[in-house]
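I have placed the structure first, in the form of structure tokens, so that the comments after it can refer back to it.
The values are calculated or read from the model by the stated rules, or taken from the named source; none is laboratory data. Because the structure is a prediction, the values reported are computed rather than measured. Please note: Cβ atoms are built from the backbone with ideal geometry, for glycine as well, and neighbour counts cover all protein chains shown. Ligands, DNA and RNA are stripped out before the accessible areas are found, and what is left, the full protein with its side chains, is counted by its heavy atoms. Shrake-Rupley method; radii C 1.70, N 1.55, O 1.52, S 1.80 Å.
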Amino acid sequence: LKMSWFWLYLPLHLLMATCVCHSIKAPTTSSQQSFKTNLFNFYHSLMLADGKETTIHLLKDIPKRYYFALEESRVLAPFSITVTPCDVPIEWSILVYKSPPAKATPGDHDTQEVSKSQKASSMVSTIFNYKGNSVETYMGMSSHSAFYLLEFLSTERDTHITVYLTTDTTSGHLYPELPTDPRIDVIGIGHTTVTLTWKHSPSILQHRESIQYCLLVNEKHNYKSLCAAETAIRSSGMKLPPTLALSLSPYLLEPQQVMILSNSELSIINKVSSGEVRQVCMGTKNTYTVPNLSPSTQYYFDVFIVNLLTNASAAYTGTFARTLEEPEPKVTELKDGKVIHVVLDGKKQKFYSLQYWARHKKIHFTFQLCQGQIQVHITRNGKTVASEDLSGLRYFSLKGKLLDTYLVQLRSTEESNSSVKVQASPHFHKPLFPLLPESLKIKSFSKLRTCRSVTIAWLGTQEESKYCVYRKRIEEDQLWRELQSADRCSGPESRHKAEKVLCKYFYDLNPQRAVTTETIKGLEAGTLYLFDVYLFGPSGIPVRYHSKVVKTRKKC
């Protein structure tokens, strides 16, 4: 079979002549007008490429027509047409225009006229029509010279579709093959995970290096094609990379997207109004556990088999599952003087609960914020007694009755994880943290900076305490990450020995004069340094001052 490309550019009267010269039998006089009318529809249509996937944009209520032609063949010649709606349901149909037969043999005149009329009307026929949003494939056989007209119509809104025509059905498939059972099986459900499995595609065995599975997870509904999934995400206000499953490159990501590369699996998480839409490409594995889901939430799962060379894909039959309900939050008991380190998940934005039964009238709560931002809410016998956002080190001294029940609730106010240390104790209990100065800021003196040294200062207290100074060389592009990831609860034990500068003791009974300075020498010119000071109290638990970044002079 061959495609007759030059027909598209000829006027109608030349098109008729060309048909005769192109092995299509000339129409009889009685059927000539009908055949001209039929050919006129093709003349105002676009030609459909053979062996290539074509994207077609449809305007609402305006039909669009494409045609292709098949030459006469002595044997039955197969062809196939695959149409993929990328959004709303569409209507499409295939009409065939066969060339009229040659002149009849001499005989009865009335019989000839009836025969001519029947053959003229039989030259045009609809061989297929469909309405919906599923991917449909029509496979046909032809042994006659014929024109085929494809008509597409969208009645809901503007949309686009892809169409693939091929007359070569023996040299392989554009689309990867689906197994005989294309269903996705749910084999495990947890509070935050769902485990899926599916039958292998036959294409995996033949083209393992160029075929991969991609999974799409969302909270709205299943998608019947990768094209439909891309369109739905775009319509929610996002701009996606041109090929969702293939172009998963960091420079193509939008601000609303997060890319995660883990264990050779590439994930993209899109933040949309209807929830998260995740795409995960996992190579040729046919079992996958979807992590980090929300409890008691229904999710829809679609698996696509993608040909990396042709950018064509086929969709398995989607499925859905609801994660298990989250168990009742556990309440951790606070004991006198015991320090509890709490890590809060910023994504869940839920409260972590601590309970304390008072054995004394005066109670002292201590909170040391380690990372992130945390909101604390304290109730006594069900009534709120304190509520605020934590910053650094915070004390709450509360007075009540014996056997009062205190409930401490903590919640991260950031999307990233946050952590805090908590202690509850009677008011007379040995303090967990040392006496603190008015400010935990470290000051540097610009005029005392040289190429090889920096002078810093910090406030002390009226109690004699130990102070240790540490330094760390950093690059400018690491500065933000270094400050954000710093654990304010960690002590010098987490630092390298080479970063230690000195330790010293000092105090002053006059708070106004409880200030100390230190000149750090042996530095490199034009270099950025991060300085930290740790204060140790009687309990040995350190308090870290706010980190200070100073750059030495380039020239002196």
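Observations
- Pairwise FRET efficiency - GLN375 versus SER134, Cβ, R0 = 41 Å, nearest 0.05: 0.25
- Trypsin sites (Lys or Arg not before Pro) within segment 445-509: DSSP coil, no more than 16 neighbouring Cβ in 10 Å: ARG452, ARG495
- Flagged links, alpha-carbon separation over 23 Å, of LYS335/LYS401; LYS330/LYS421; LYS401/LYS421; LYS338/LYS362; LYS466/LYS554: LYS401/LYS421; LYS466/LYS554
- Label zone (TYR395, point 7 Å along Cα-to-C-beta; backbone nitrogen cut-off 15 Å) within segment 512-556: 537-539, 543.
- Close amide-amide hydrogen proximity is noted between VAL385 and ILE378, THR379, ARG380, each under 5 Å apart and 5 or more residues distant or on a separate chain (H modeled in the peptide plane; Pro and chain starts excluded).
- The distance separating the Cα centre of segment 524-556 from that of segment 301-337 comes to 43 Å.
- In the full protein context, segment 331-425 carries 50 Å² of accessible surface per residue, based on a 1.4 Å probe and ignoring ligands, DNA and RNA.
- Integer Hz, Karplus 6.51/-1.76/1.60 couplings in order for segment 505-516, x for Gly and Pro: 10, 6, 6, 8, 5, 9, x, 5, 10, 7, 10, 9
- Full-stretch length increase - THR180, ARG513 - with 0.36 nm per residue and alpha-carbon distance subtracted: 111.5 nm
- Amide H partners (placed H, <5 Å) of GLY392, local residues excluded: LEU369
- The HN-Hα couplings worked out from phi for segment 183-192 by the Karplus form 6.51 cos²θ - 1.76 cosθ + 1.60 (θ = phi - 60°) are 7, 9, 9, 8, 10, x, 10, x, 5, 10 Hz, whole numbers, x standing for Gly and Pro.
- Of all accessible heavy-atom area on segment 442-551, the percent that carbon and sulfur account for (1.4 Å): 48 percent
- Here segment 331-425 has 47 percent of its accessible surface on carbon and sulfur atoms, given a 1.4 Å probe and all protein chains in place.
- FRET efficiency, 1/(1 + (r/R0)^6) with R0 60 Å, evaluated for LEU528 and ARG234 via beta carbons: 0.90
- One chain, two ends: ASN311 and LYS497. Fully extended at 0.36 nm per residue, the span grows by 61.6 nm beyond their Cα-Cα distance.
- ³J(HN,Hα) computed for each position of segment 414-424 - Karplus, 6.51 cos²θ - 1.76 cosθ + 1.60, integer Hz, glycine/proline x: 10, 6, 7, 5, 10, 9, 8, 9, 10, 9, 10
- Its convex hull of Cα atoms gives segment 448-487 a direction-averaged projected area, equal to a quarter of the hull surface, of 4.7 nm².
- Gain upon complete extension [LYS383, SER294; 0.36 nm per residue less C-alpha separation]: 29.0 nm
- Inter-part distance, segment 342-413 to segment 441-498, computed on C-alpha centroids, equals 30 Å.
- Distances between placed amide hydrogens fall under 5 Å for CYS451 paired with ARG553, all partners being 5 or more residues away or on another chain.
- Computed from the C-beta positions of LYS466 and VAL549, the FRET efficiency with R₀ = 22 Å rounds to 0.35.
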